[in-house]
Structures are given as structure tokens and as C-alpha cells.
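Following: one structure in C-alpha cells, then a few remarks.
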Amino acid sequence: MSHKLSCDSKHNITISFCLEKIIENLYDGVLLTNKEGKVIIYNKAMEELEKRNSEDMIGKYIWDAYGYSDKSKSEHMEVFNTGKPIVNKYKAHAYNNGKPMYKLYSTFPINYNGNIIGVYSISKNETKLQSLLSETIELKRQFKRNSTEDNNIGINGTRFTFSDIIGSSDGIKKLIKEAEAISWLDNNVLIVGDTGTGKEVLAQSMHNYGKRKNEPFIGINCSAIPENLLESILFGTVKGSYTGAIDSSGLFEAAGEGTLFLDELNSMPVNMQVKLLRALQEKCVRRVGGKDIYPIKCRVISAMNEDPYMLIEEGRLRQDLFYRIAGYNLHIPPLRERENDLFELTEHYILNNNLSMNKNIVDITDDLKGFMKDYTWPGNIRELEHFIENITVRSNNNDRYLKFKNVPRNILEAMKSNIEDLDEPELNKEESLQEKLDNIEKKLIFKALNENLWSVTKTANVLGISRQSLNYRIRKFNIKRE
């Protein structure tokens, strides 16, 4: 049975009053413009989202209310003219004290008798939800090291989320907070970290935390692909473009609206960097030997295990490409700078190995713990996992502790060249070569900063490096003014 509203004006006024109250008390923001582009509804939730007052919005043209130079930049007018909705977009339309106010929103046209008479937006207030999600992930991370659950590959091609990152050091907590904050944005990201620190784990975690989580995550190690094939793999090929070439889409196309992860980008040849830069600038690619152009819709996350500023100085990384790939820059601290994370990770790997090797290890002996604490772990987390696995496999089934004597001799000799007695080890407290070099570099930088009254520009000139490179080292070595 059809239902029609009464034409009684009093009844219509009552409905209008009720709708106004409902809109005002919605948790989601509501913005409505008429066919002229004037704002006629701007509810309380929208005020809270954008830190604006409805009095400053209602009655104004939407492009004037938001300070656009012309109305063609207004998405409301775009939807009004095209009739096509904008669904689930994450963007900042407003600023508070210079800080962008990001929100997730959808914008729809209102069609009445074949004519568009207005446009409305529904904006989600996800601040509290994101805060709760972040807290949940942090709690899950704290208990993760006691878990033996498997990391199965998901339908989007990933295995890891932020909850898989083990550690409670201040450095790793800060890193996760920064990564969570930028996961929902579209800007390209550069992750810098030593070999084995978990750069792809962080990249996958960001993908799974953001709005692209249901889209593909495709990763490629640039150092593993020959130079003559890298272009074809990234951009695709057209049949006949060279001997043996077939019609094939590249990784930029395959990633769709997901994430393309370029690992070890610092190994990419400079001439290939030029082609990558052009693709990122124009946001489109052309297959090798083809004429058609395909738009780039994916987000690009890159990673490298060297200081990008030093690479630029040495001519191994184009500066213009760096600015394209490093919309945001994240630095993963090495294992030796992560306080007690070493033993949290050790506990996690012991539990995993117990399950896979049918062992019953519960802890490590004091002499082994002392050795591990003194070692600098140049291979970082990957080296630690390999180290624990090799000791565990050599332990007896009834052993409850991992023992120093079960460390394989070849691994031990590589870690410490001057162990006197494997049965009763008197550990040499002398620093490793890498640690000595780091300490020397840190002291030289600290001395130069003091001599130049902590002027970064003057100090960089004295040391013969760029200002950006000096700032990177100050952060890396945690150099602070006394």
C-alpha cells in the first residue's frame, strides 16, 4: 500500500521541524547546498568536524564559504553538474590553526522529477573510532608476543598489520603512531631503515590500516630485477615491442587503487628513476611499445636501507624523485636502539619455534642474554630470528632454556671474533666495528655542533655534507644539546 504525505501545511511544518531536529542531533556531519550552490544545512556534527560555525556557512555560496578561488573547485558543484556521486573520499576541506581537518565523506545529488535540485554530503566523524582502533591495536601488540597464531596471506596480498609489530620501546611506539596517522592519506611514503628492520611489515600494516585495505598490495624488490626488465614489470608491455614480448599489464596497473610497494628503491638505476619520476608526475603510465596511457590510481610506498640525502649527494638518487616519493618520511630505528625490544622479540620467536619444532623452551640463560645484549645486531630483526631459530633447533627436546653452548660456531665466529671459551665464555665487552664507527661519527658531529653554536647550516658546511643529511644523522644518533 502506498503512503503519501498529507498536503496539510501544519502537518508539513511538523515533519520539517522533526527532520531539522534529527539532522541537528546526528553523529555524522550533514552539509546541503541548493541548486545555486548556497549552503542551506550545516549541522552541529559538521561544526565539530570542521571547527566552524554554521552562522559563517549558511546562506553563503559553498566556494566562498570554504575560500575557493572559483566555484569550479567545489565538489558540490561538480556533483551538481555531472550528477555523479563522490563516495567514501578522505580529504581535508577545512583547516584549524593551519592544521588540516581530515574526514571521510560521501556527496550525492538530489534528483527530483528528473532535475537535480541540490547536493548533500554526509561526513563521518572517525576521530574517536580511530583513537579506539589505535588503542585496540596497541593492546593486541602487547599480547602478540605470547601468541602463536599464523600470519596467513590475505586476499589483498598482505600478511601483516600493526598488531604484528613486536616491541614496547618509545621509538617503536612513536613510529606506529606516525604511521597510523598517515595511513588514511593518499600521499606517497618513503620508509628508511637498516636491512632487516621490517620495512615491508610496516608498509603492509599501513595498507591494512587505511582506506585501501580492500584493494591489492603489490610489492617488488627493485634490486632483484635486472635493469632491462624493470621497466616492463612496472609499466607493462605490448606484444611485439621486443623479442618475446606479450601483452601484459604492469604492476602500476595491477595495483589498481591499492598500494605499490617499491623495496630497495636505492638500487634502481638513475635512468630508470627518470621514467619512474615521469610516471609519478603525470599520474599515468604507458606500456613498453604501446600508445595507450593508463592512469595511476595506486598509492606508492617506497623503502630504502641507506640515507636518502647521502644518496642524493652521491648522485645515486635523483632529488626530484625523492620529493615525489617522500610525501611522508618514516625512519625505522635499528634493533640496537630499541631498548628492551630485543628480548620481547626473542620471546616471540621462541614461542613460534616451540610450535614448529615441538620444543618446550621458556627462556634463555644469563650468559646468552648477556652476549645478546652486548651484540649490535647489524642484521636487525631478521638476524635475530635466524639466530634464535639456529639455537632452538640444536636444543634437546627436554631443554627449558636456550643455551650459549648451542650457538653454531660459524654464527658465533661471525658475531664475535675473539670468544676464548665456548663452554665457559668470558665475553669480550669491546665494541664491534660498526658500533665504533657510529660512536666516532656521533662524537664528531656533536663536537662540530658545539663549535658552531649548534647552527645546523654552519656545521653541515664544516663537515662537508648537506643540511638534510646532517639533520638525518642528528635524528639517527639521537644527538641532543646539553
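Return the equivalent ellipsoid semi-axes of region 251-379 as a descending list in whole Å, where each equals the square root of 5 times an eigenvalue of the C-alpha gyration tensor.
Values: eigenvalues 346, 81, 25 Å².
After diagonalising the Cα gyration tensor, the semi-axes are 42, 20, 11 Å.
Between 353, 325, 305, the Cα set farthest toward the positive side of the dipole of the chain (charges on each charged residue's Cβ, about the Cα centre) is that of 325. When 331, 386, 93 are sorted by how many other C-beta atoms sit within 10 angstrom of their C-beta, beginning with the fewest, the order is 386, 331, 93.
This ranking places 195, 346 by how few other beta-carbon atoms lie within 10 Å of each, fewest first, which gives 195, 346. In this structure, the amide hydrogen of residue 37, modeled 1.01 Å from its nitrogen in the peptide plane, lies closer than 5 angstrom to no residue at least 5 positions away or on a different chain. Evaluating 6.51 cos²θ - 1.76 cosθ + 1.60 at θ = phi - 60° for every residue in region 329-339, the Karplus couplings come out as 10, 10, 10, 8, x, x, 4, 5, 9, 10, 6 Hz, glycine and proline recorded as x. Considering only beta bridges that DSSP places wholly inside region 216-313, some 35 percent are antiparallel.
Karplus-derived 3J(HN,Hα) values for region 43-58, using 6.51 cos²θ - 1.76 cosθ + 1.60 with θ = phi - 60°, are 7, 4, 4, 5, 4, 5, 5, 9, 6, 10, 9, 4, 4, 7, 10, 5 Hz; glycine and proline are entered as x. Placing unit charges on the Cβ atoms of the charged side chains and taking the dipole of the chain about its Cα centre, the candidate lying farthest along the positive direction among 406, 181, 113 is 113. Between residue 90 and residue 337, the modelled labels are 2.7 nm apart [label points 7 Å from Cα along Cα→Cβ]. Between residue 15 and residue 241, the modelled labels are 5.9 nm apart [label points 7 Å from Cα along Cα→Cβ]. Normalised by residue number, the volume inside the convex hull of the Cα atoms of region 146-333 is 123 Å³ per residue. Treating only the Cα positions of the chain as identical point scatterers, give the base-10 log of I(q)/I(0) from the Debye formula at each q in 0.12 Å⁻¹. After summing over all Cα pairs, the log10 values are -1.23. Straight-distance candidates among the lysines for linking to residue 275, with alpha-carbon spacing under 19 Å and chain neighbours fewer than 8 residues away dropped: 283, 291, 297. With Cα atoms as the point set, region 336-428 shows a radius of gyration and Dmax of 12.5, 34 Å.
Which percent, nearest 5, of DSSP beta bridges in region 146-333 are antiparallel? Percentage antiparallel, nearest 5: 20.
With neighbours defined as other Cβ atoms within 10 Å of a residue's Cβ, the residues 348, 76 order from fewest to most as 348, 76. Specify the angular offset, from 0 to 90 degrees and rounded to the nearest 10, of the alpha carbon long axis of helix 199-209 from the longest principal axis of the alpha carbons in the chain. Taking the Cα atoms of the chain, the angle to 199-209 is about 30 degrees. For the listed residue pairs 35/71; 51/177; 124/174, the alpha carbons are over 19 angstrom apart in 51/177; 124/174. Phi angles across region 402-407 convert, under the Karplus curve 6.51 cos²θ - 1.76 cosθ + 1.60 with θ = phi - 60°, into 3J(HN,Hα) values of 6, 10, 4, 5, 8, 5 Hz, Gly and Pro given as x.
Placing pseudo-labels 7 Å out from each Cα toward the beta carbon at residue 357 and residue 479 gives an inter-label distance of 4.2 nm.
Please state the equivalent ellipsoid semi-axes for region 9-125: what are the square roots of 5 times the Cα gyration tensor eigenvalues, largest first, in whole Å?
Working: eigenvalues 98, 69, 36 Å².
Whole-Å semi-axes of the equivalent ellipsoid: 22, 19, 13.
Amide hydrogen proximity for residue 364: with H placed 1.01 Å from N in the peptide plane, the residues at 5 or more positions away or on another chain lying under 5 Å are 402. For region 321-346 and region 438-482, write down the distance between their C-alpha centroids in whole Å. One Cα centre to the other: 20 Å. To the nearest 10 degrees, how steep is helix 380-393 against the longest Cα principal axis of the chain, on a 0 to 90 scale? Once rounded, one gets 60 degrees.
Please figure out what share of the DSSP beta bridges in the chain is antiparallel and state it in percent, rounded to the nearest 5.
Details: 32 of 53 bridges.
Percentage antiparallel, nearest 5: 60.
Could you state the angle between the C-alpha long axis of helix 127-144 and the longest principal axis of the C-alpha atoms of the chain, as a value from 0 to 90 degrees rounded to the nearest 10? Relative to the chain, helix 127-144 is tipped by roughly 20 degrees. If only the Cβ of Lys and Arg carry +1 and only the Cβ of Asp and Glu carry -1, the dipole of the chain around its Cα centre is close to 1660 debye. Each Cα pair under 8 Å and six or more residues apart adds its sequence gap; the mean of these over the residue count of the chain is a relative contact order of 11 percent.
Rule-based calculations on the coordinates, nothing more; no lab input. Just so it is clear, the model here is predicted, and its values are computed rather than measured. Virtual Cβ from ideal backbone geometry, glycine too; neighbours counted across all protein chains shown.
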